[in-house]
Structure formats: structure tokens, C-alpha cells
Amino acid sequence: MNATTQTELHHLSNTHLDALEEETIFILREVAAAFERPTLLFSGGKDSLVMLKCAEKAFGAGRIPYPLLMIDTGHNFKEVTDFRDSRAKELGAELIVRSVEDSMKKGTVRLAHPGESRNVHQSVTLLEAIEEFRFDALIGGARRDEEKARAKERIFSHRDSFGQWQPKAQRPELWTLFNHKLQPGEHFRVFPISNWTELDVWQYIAREKIALPSIYYTHKREVVDRRGLLVPVTELTPPKDGEEVVIRDVRFRTVGDITCTCPVESDAATPEQIVIETLAADVSERGATRMDDKTSEASMEKRKKDGYF
């Protein structure tokens, strides 16, 4: 870390992280007390790893009272899935993985063409997992600063018997009085780090020394510039005719399905350096990296109404 980075971090307060952590721990304990069959959605990404760290503090290492659930498209970055497996094993936590490919074999997911992104189809597999295990609460790592649809969602977000979200039918959450009321077949999505920002997450990662998959930090990767995004060159995302493949120093601000997740140019190799980069960022992490959010202004809200995370 150079002298400039150290100077800037010295003037950056992180005392608010204690309040955010306290709120997250309170919500995690509230879920454990209020629901019979909760689960924690765990992708191996930075937000779910922050939640996992708070869960350790809430219940103790090796004593997290609900299983971890991952919906795998089959097109996730190997660095992330390998890290997911090793972290779950290290904690001694039960890890449940359900795959979009299994839904495709059952015929509940049908792609329009072989090259179609499987990302949106995770909703089907997720709802099948909810029915299989009869989960009544799913704890997710979504944050309000990520995207407009997530900004207007409650921390305890009700889902009807079809897994759908109704944004105009949300109960206010005054004085941290959360809605737990369910009818048969319904469930809640719970977002303990709703009030965190990307900057808060990276400050917390730096403070708590949370290990992350390597692709969150700078590395060299073949990419093409497509519609203002750096698209990684892989078997699933090959260059199109006329596109120039270049090698850039990049990192991923968010990780998801390979077919819709792009890196950003960066030489940040530590959480502290990423904190400084995040302070200067003028585009949200999803806006800068996710092709699936570029289809329309309401693409995320539509997916969430259909049962998406």
C-alpha cells in the first residue's frame, strides 16, 4: 500500500461499521428465532462472505443454525465455486447446491437457444429448492445501493405462494418491527445488509481481514470492449466478429454467471486499495459490470417479481 493510499485511509472513518454489523447480527438472530426452516444464500461472493462473517459473530464459529444454499447455473467462475466449497467446509456448515442444469433435465427450464444466459432461469431452480426443502425464509446479500428495484425493497421481503414479490404491497418496517406473518406456501426473503454500501462492504472486508476469491483483485485477463463493458473472453463469451481481444489488468466488482458478469479495469490488489477506488467510482457495481441489467430500466424489478433473488 503506497503512501497516498495510507493517507486517504487514515482520514476515512469506519466507526459506522459497528452499527451496521450490529444491525446485521440482530436481523440474522431475528430470522433464527422467527422462522422454522431458514437458509442463507451463499454464492461465495463478497456480500455473502460478509454475511457469513456476521453469522459467525452472531452464533459462533461452527454453530450457524441454518444451512447454506447455492443456486448454480453451471456457468459460474471456478475460482468462486471452489472458494465457496472450501469456506463452507472450513466452517463445518451444511452446503446445499441446486443446479439450473438439473431443472433443464427435468424440463422446467428451457433455453431459447444453447447460448442463452442461464442467469434469469435461476429463479425456477430457486423456487424448486424452496419447495423441496420447505424453506420459509431465505437470507440474501442484496443491498439497496446496488439497483433501483432493490432500493425500494424491505429488509423482510414477503413472497407469495408463487414466489413473487409485490412491490406495492410491502409493510413499513418502523422501529425495526419486522413482518413475519406467512400463509401456507409463502416465504420471506431477508436482506440483513440492505443498508450497507459497496464502500461499507470493502471497509468491513479490510477491517475483518475476510478472505475472498482471487478474481476480486487485480489480475490479467483477455477481454473485449462491448457496449462500454469489458467482456471476459471465455468459451461461453467468445469475441464477436470484428472485436479486438486485448489483455487488461482487471478485477471483478461483483461475481455471477460468466455470461453476464464483466470485470472493470483495475490495479487494486488489496481491500484497502479497492476502498480508495470505490470512493472515486461514479457508477454502481451492477451498472458497471452486469450485462443482464442493461436490457431495460426495469429488468431487475421484473426478475424479482418472477422470483429472482
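The values are calculated or read from the model by the stated rules, or taken from the named source; none is laboratory data. What you are looking at is a predicted structure, and each value in this text was computed from that prediction instead of being measured. A quick note on method: Cβ atoms are made from the backbone with ideal geometry, for glycine too, and the neighbour counts reach across all protein chains shown. To get the accessible areas, we keep the full protein, side chains included, count just its heavy atoms, and leave off ligands, DNA and RNA. Shrake-Rupley method; radii C 1.70, N 1.55, O 1.52, S 1.80 Å.
At-a-glance table
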quantity: Karplus-derived 3J(HN,Hα), 6.51/-1.76/1.60, for each residue of the stretch 238-251, Hz, glycine and proline x; calculated: x, x, 8, 4, x, 7, 9, 7, 10, 9, 10, 7, 9, 8
quantity: Sum of side-chain charges, V201 neighbourhood, beta-carbon under 9 Å (Lys, Arg +1; Asp, Glu -1); calculated: -1
quantity: Between the stretch 253-277 and the stretch 66-124, the Cα center-to-center distance that results, in Å; calculated: 21 Å
quantity: When each of K46/K105; K57/K209; K53/K181; K53/K209 is checked by Cα-Cα distance, pairs over 20 Å; calculated: K46/K105; K53/K181
quantity: Surface share of carbon and sulfur [accessible, 1.4 angstrom probe, percent] for the stretch 145-256; calculated: 52 percent
quantity: Solvent-accessible surface (1.4 angstrom probe) belonging to E244, in square angstrom, nearest 10; calculated: 140 Å²
quantity: Net charge dipole size for the stretch 213-280 [Lys, Arg +1 and Asp, Glu -1 on Cβ; Debye, nearest 20]; calculated: 120 debye
quantity: Only Lys, Arg (+1) and Asp, Glu (-1) charged, at Cβ; the stretch 122-210 dipole about Cα centre in debye; calculated: 320 debye
quantity: Choice from T81, T234, T39 showing the highest fluctuation, given a GNM over the chain with Cα pairs closer than 10 Å; calculated: T234
quantity: Simple Cβ-charge dipole of the chain, Lys/Arg +1 and Asp/Glu -1, about Cα centre, in debye nearest 20; calculated: 760 debye
quantity: S99 - accessible surface, heavy atoms, 1.4 Å probe, Å² rounded to 10; calculated: 20 Å²
quantity: Where only alpha carbons of the chain are counted, the Rg and the Dmax (Å); calculated: 19.2, 58
quantity: The stretch 183-196 - phi-based ³J(HN,Hα) in whole Hz, Karplus 6.51/-1.76/1.60, Gly and Pro as x; calculated: 9, x, x, 8, 7, 10, 9, 10, 10, x, 9, 3, 8, 7
quantity: For the stretch 154-169, 3J(HN,Hα) per residue [Karplus equation, 6.51 cos²θ - 1.76 cosθ + 1.60, θ = phi - 60°, Hz, x = Gly/Pro]; calculated: 6, 5, 9, 9, 6, 10, 6, 5, 9, x, 8, 9, 10, x, 8, 10
quantity: Amide H partners (placed H, <5 Å) of R226, local residues excluded; calculated: V231
quantity: Nonlocal amide H pairs with V97, under 5 Å, H built at 1.01 Å; calculated: M70
quantity: Placed amide H near A137: partners under 5 Å, 5+ positions off or other chain; calculated: R37, T39, F188
quantity: Per residue accessible area of the chain, 1.4 Å probe, in Å²; calculated: 48 Å²
